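Heads up, the thing below is written out as structure tokens.
The values are calculated or read from the model by the stated rules, or taken from the named source; none is laboratory data. What you are looking at is a predicted structure, and each value in this text was computed from that prediction instead of being measured. Neighbour counts run over all protein chains shown; Cβ positions are idealised from the backbone, glycine included.
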């Protein structure tokens, strides 16, 4: 969120592209990143916060969306201002970033693949009881995601994600209205208050919803859309704000459901994806089968958008990772060629892209039968906890250095937001590592 009146001296060149108008018709990559980032587990965490503290933490949900706007804007700005990808930027900071990302993307992808398939299978198992078991539904969703991403390019992918997020939006808002929210209490919740025992829930609410590796993938989706230079900056910023306003509505709606449906009646639900299946049963008891089934459809849309979003976005990042390693071995940066590859969409047909797709789909199926190995759980937790601080702090580094044209470097507001989000994610990182089963 660099300020519009940032210093321009020495930044603009005679060949600077003309500024394009921002149009609502072109909004897309932000919708994709929002749909991918908000998973079933995130919604359950919000539900539980609402069930424990009512509307009191509504303010934290709003701040969380502002933090995500800052992070995604910085990622998109880097791609458009420099013509380089975020991974190329990381590599310029030293080889340690390559080592971290290489380990992270392999371990994270293996564990996440199994989690995403299981999460997408849960609502189908509840919607069609007795037809197949949960493992079979999970495998089907993984295979459907693989085939869909394998054979479709970004334009089709974006359209499908937009339809699914539309389903999510309608269902979640419908359920929130159905439980008859207390409007006065919800507005009162915008006043920052920390009830006893709420600190970690508050930090989690600010940092958790919509915040994953897919935030780093946003720049790749921006490029895949055809936005390849700084002339698209206004459009990217509109796109990003629409995305996280949408996310904010999801979060507020789920807080309302938690506050009205669970907090008032002291109903407890399980943590993680199974919490949404529990909520489906609560809704059926309270409002009948139609509302419960509608909610399960929204649950499926929430989970499946996260699945195919990761299948597409993180595979793009992995393909870029491999491209950079190959370019380094040849002794050239390969920046221009990489940008052209993104613009033409050839990265979606590359061998590394498809290899990572297969990695996300088939090896993780073993986790559907086996308990996750102890060492893998710890490695996944540590690597995942470090990613968001890594993203926030490296963006500060990149966007305040000569790597970024003067015109598009961070303003005061962007630096403050990225720094505060980095500190927040460090606290959450320490807490998450402490809670691991060492």
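Residue pairs, Cβ under 6 Å, 6 or more apart or interchain, first in segment 267-295 and touching a residue at least 40 places away in the same chain (Cβ under 8 Å) and at positive phi, second buried (at least 19 other Cβ atoms within 10 Å of the Cβ) and assigned to a helix (DSSP H, G or I). List them.
Listed by first residue and then by second, the contacts come to 272/41.
Checking residue 165 against (1) at pLDDT 95 or above; (2) within 14 Å of residue 30 (Cα to Cα), which single condition isn't satisfied?
Among (1) at pLDDT 95 or above; (2) within 14 Å of residue 30 (Cα to Cα), the lone unmet condition for residue 165 is (1).
Out of curiosity, is residue 278 more than 23 Å from residue 95 (Cβ to Cβ), over 19 Å from the mean Cα position of the chain (by Cα), at pLDDT 80 or above and surrounded by fewer than 15 Cβ atoms within 10 Å (Cβ to Cβ)?
On the way: more than 23 Å from residue 95 (Cβ to Cβ): yes; over 19 Å from the mean Cα position of the chain (by Cα): yes; at pLDDT 80 or above: yes; surrounded by fewer than 15 Cβ atoms within 10 Å (Cβ to Cβ): no.
No; evaluated as a whole, the condition is false for this residue.
Tally up the residues in segment 140-159 that are in a helix (DSSP H, G or I) and surrounded by fewer than 18 Cβ atoms within 10 Å (Cβ to Cβ), please.
10
For (1) assigned to a helix (DSSP H, G or I); (2) within 16 Å of the chain's Cα centre (by Cα); (3) modelled with pLDDT of 90 or more, each residue gets a yes or a no:
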position	(1), (2), (3)
5	no, no, no
14	no, no, no
21	no, no, no
32	yes, yes, yes
64	yes, yes, no
68	yes, yes, no
73	yes, yes, yes
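Please find, among 300, 321, 295, the residue that is within 19 Å of residue 154 (Cβ to Cβ), crowded, with 17+ Cβ neighbours inside 10 Å, out of contact with any strand residue (DSSP E or B) (no Cβ under 8 Å at 6 or more places or on another chain) and modelled with pLDDT of 90 or more.
None of the other options fit; the residue is 321.
Please pick out the residue among 360, 368, 395 that is farther than 24 Å from residue 207 by Cα and at pLDDT 95 or above.
Every option except 360 fails the conditions.
Restricting the search to segment 120-158, which residues are within 22 Å of the chain's Cα centre (by Cα), farther than 18 Å from residue 359 by Cβ and free of Cβ contacts under 8 Å to residues at least 24 places away in the same chain?
121, 152, 155, 156
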